[in-house]
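The values are calculated or read from the model by the stated rules, or taken from the named source; none is laboratory data. On a predicted model such as this, the values are computed, not experimentally measured, just so you know. Positions of Cβ are generated from backbone atoms using ideal geometry, with glycine treated the same way; all protein chains shown enter the neighbour counts. Note: accessible area is taken over every heavy atom of the protein model, side chains too, but ligands, DNA and RNA are not part of it. Shrake-Rupley method; radii C 1.70, N 1.55, O 1.52, S 1.80 Å.
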Amino acid sequence: MDFVEAVKAAGVVGAGGAGFPTHVKLNAKAEWFLVNAAECEPLIETDKYLCRTYPDRIVETVKTIAGHLGASHAVIALKAKYRREMEALQGAIDKSGAPVELFGLRTFYPAGDEQTLVQQVTGRVVPERGLPLDVGCVVDNVGTVLAIADALEGKPVSEKFLSVTGAVKQTRMFHVPLGTPITEILKETEITEPDYAVIVGGPMMGRMLKDKEAIRQAVVTKTTGNLLVLPADHYLVKRSELTEEQMIHRAATACIQCRMCTDMCPRFMIGHEVRPNMVMRNLWREKSISSNEEFEKAFGSAVNCCSCGVCEMFACPMGLSPRKMNEYAKKLLKERGINPARNMHPVAREAVEYRKIPTERLIARLDLSRYVTHDLPQFTEVKVKECMIPLSQHIGKPALPSVKAGDHVEKGALVAAAAEGLSVNIHTGMSGVVTEVTDKGIRICGEEE
Ligand code: SF4
Ligand code: SF4
């Protein structure tokens with residue numbers, strides 16, 4: 001089986017959060033292969049854990065992937081302050097003599113945004129709404145690199161590494177089958193709050209689960225990298241309760257047009273046309289703009305927003321929600337059929353190196369400083385009795401079930417095949433009996449030992 005076919009068969013997707021099918025990304029030639037080990041969001045531990053634990057396997061696989069792409073540069077980018085991880089990877093590079101370099105990023109958010117990473121490492125700027133490949137780069141998360149290593153040995157993606165951080169007695173690392181209910185993981189973590197919410201992912205871009213039923217339903221997928229536990233009355237939980245209507249009203253009445261949201265925007269800084277202050281300025285008259293040309297002038301830049309959250313969680317002095325309003329504006333543009341032209345050759349702004357958000361200050365702003373720990377996370381085993389494996393854990397069409405209720409499956413077996421077009425295979429991370437197949441997922445009950 002060739003390289004891309006092996007990755008496709010194993011169902012590998014971007015492990016860093018986006019879930020783009022990796023076989024599509026790797027079906028290319030590129031000058032640069034970049035590994036994203038930046039641990040973009042505050043408090044997450046997974047990338048660091050993988051770099052410390054599997055440095056040899058990472059370096060060896062980076063060399064193989066770069067060879068496949070025909071890349072003349074293979075670079076692993078992580079924050080320079082991660083000294084242990086830097087040393088582990090450098091040791092592996094020295095031992096193997098692999099033509100792989102390390103790039104030490106400064107400690108800012110969002111260092112792990114794919115387009116920011118490309119600009120930082122190569123100096124190139126990805127076009128608006130473009131791909132790193134447009135400027136000769138392929139970027140994969142470090143977890144994806146390890147999944148590719150497994151794929152090349154015929155082992156599919158069926159389990160996931162993730163950290164649990166926040167209001168827990170000790171930060172922990174887990175390695176669990178896909179479809180594991182997050183409640184099974186939380187049981188092992190000694191949560192320090194009687195009433196809590198959970199963010200799946202990081203505090204800036206993760207998915208907030210507030211009520212007990214939402215937490216009970218949530219399962220680990222190919223893109224789950226972290227669970228952040230927070231007290232139910234935490235600032236981030238309360239803030240997530242604002243309705244769209246409230247946000248629009250506040251934008252129309254309280255925005256002082258200071259422009260901080262635009263001037264601090266990481267995408268604006270790499271030269272993209274993203275102007276959240278313009279969106280905020282025009283919201284009050286949104287319904288009265290009849291001309292599409294005028295509408296595009298007011299709201300068009302929203303299409304280039306990547307929802308990183310810097311504008312609303314850090315920059316805005318009025319506590320407004322420009323990110324959410326950009327999402328609202330994107331919806332309106334789509335309804336009107338407006339598709340603004342793309343700048344294919346953006347140039348990073350002069351101040352790009354000076355206008356970065358220090359992660360430590362961001363953590364303080366988010367009221368998360370009390371959860372920062374310098375202890376290494378403890379690896380914890382979980383015995384999973386049942387899992388519900390979603391058919392859609394990736395960008396593209398949901399996979400199609402290839403098993404039925406009553407079937408016996410072994411760990412690693414294919415349980416849903418990629419649909420035609422953009423889609424991926426899905427495998428089980430536990431042996432057992434299929435007890436339910438729905439249009440959402442496949443339930444598997446584990447075997448008693
Ligand atoms: S969320 Fe805000 S800061 Fe981030 S890209 Fe969008 S406008 Fe810029
Ligand atoms: S930072 Fe806040 S107050 Fe300033 S322009 Fe943006 S939304 Fe308005």
Restricting to segment 252-292, name every residue that is touching a residue at least 40 places away in the same chain (Cβ under 8 Å) and either open to solvent by 60 Å² or more (accessible area, probe 1.4 Å) or more than 13 Å from ligand 1 (Cβ to nearest atom) (or both).
ALA254, CYS255, ILE256, CYS258, MET260, GLU273, LEU283, GLU286, ASN292
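Which residue out of ARG267, ARG259 is in the same structural domain as MET344 (by TED's automatic domain parsing), in contact with a helix residue (DSSP H, G or I) (Cβ under 8 Å, 6 or more places away or on another chain), at positive phi and modelled with pLDDT of 95 or more?
ARG259
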Yes/no for LEU283 being within 12 Å of ligand 2 (Cβ to nearest atom), touching an Asp or Glu at 6+ places or on another chain (Cβ under 7 Å) and either over 19 Å from ARG365 (Cβ atoms) or not assigned by TED's automatic domain parsing to the domain that holds GLY123 (or both)
no
In segment 119-142, anything of a type in the set (D, E, K, R) and open to solvent by 20 Å² or more (accessible area, probe 1.4 Å) is listed as ARG124, ARG129, ASP134
I need a count of the residues in segment 216-231 that are touching a Pro at 6+ places or on another chain (Cβ under 9 Å) and of a type in the set (Val, Ile, Thr).
3
In the set TYR328, TYR371, TYR354, the lone residue that is free of Cβ contacts under 8 Å to residues at least 12 places away in the same chain and of a type in the set (Phe, Trp, Tyr) is TYR354
Scanning segment 302-320 residue by residue, the ones that are within 10 Å of ligand 1 (Cβ to nearest atom) and either within 21 Å of the chain's Cα centre (by Cα) or farther than 16 Å from GLN257 by Cα (or both) total 12
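Would you check if there is a residue in segment 417-429 being in contact with a Cys (Cβ under 9 Å, 6 or more places away or on another chain), under 13 Å from LEU178 (Cβ atoms) and not hydroxyl-bearing (Ser, Thr, Tyr)?
Checked segment 417-429: at least one residue is in contact with a Cys (Cβ under 9 Å, 6 or more places away or on another chain), under 13 Å from LEU178 (Cβ atoms) and not hydroxyl-bearing (Ser, Thr, Tyr).
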Find the residue count for segment 79-118, including only residues that are in a helix (DSSP H, G or I), closer than 24 Å to LYS356 by Cα and open to solvent by less than 20 Å² (accessible area, probe 1.4 Å).
5
Go through (1) under 23 Å from the mean Cα position of the chain (by Cα); (2) open to solvent by 70 Å² or more (accessible area, probe 1.4 Å) for THR373 and report which single condition fails.
(2)
Which pairs turn up if I take residues in segment 294-317 that are within 16 Å of LEU333 (Cα to Cα) and assigned to a helix (DSSP H, G or I) and look for partners that are polar (S, T, N, Q) and more than 16 Å from ligand 2 (Cβ to nearest atom) with beta carbon separation below 6 Å, at least 6 apart in sequence or on another chain?
none
What are the residues in segment 339-357 that are modelled with pLDDT of 95 or more and either open to solvent by 20 Å² or more (accessible area, probe 1.4 Å) or outside the structural domain of SER291 (by TED's automatic domain parsing) (or both), if any?
ASN339, ALA341, ARG342, ASN343, MET344, HIS345, VAL347, ALA348, ARG349
Sort out which residues of segment 1-47 are assigned to a strand (DSSP E or B) and of a type in the set (A, V, I, L, M), and write them in order of number.
VAL13, LEU34, VAL35
Being open to solvent by 20 Å² or more (accessible area, probe 1.4 Å), out of contact with any His (no Cβ under 9 Å at 6 or more places or on another chain) and more than 26 Å from THR253 (Cβ to Cβ) narrows GLU327, GLU360 down to just GLU360
Tell me yes or no: at least one residue of segment 210-229 is within 20 Å of the chain's Cα centre (by Cα) and within 13 Å of ligand 1 (Cβ to nearest atom).
no
In segment 306-322, which residues are open to solvent by 20 Å² or more (accessible area, probe 1.4 Å), of a type outside the set (Ser, Thr, Tyr) and closer than 20 Å to GLN115 by Cα?
CYS306
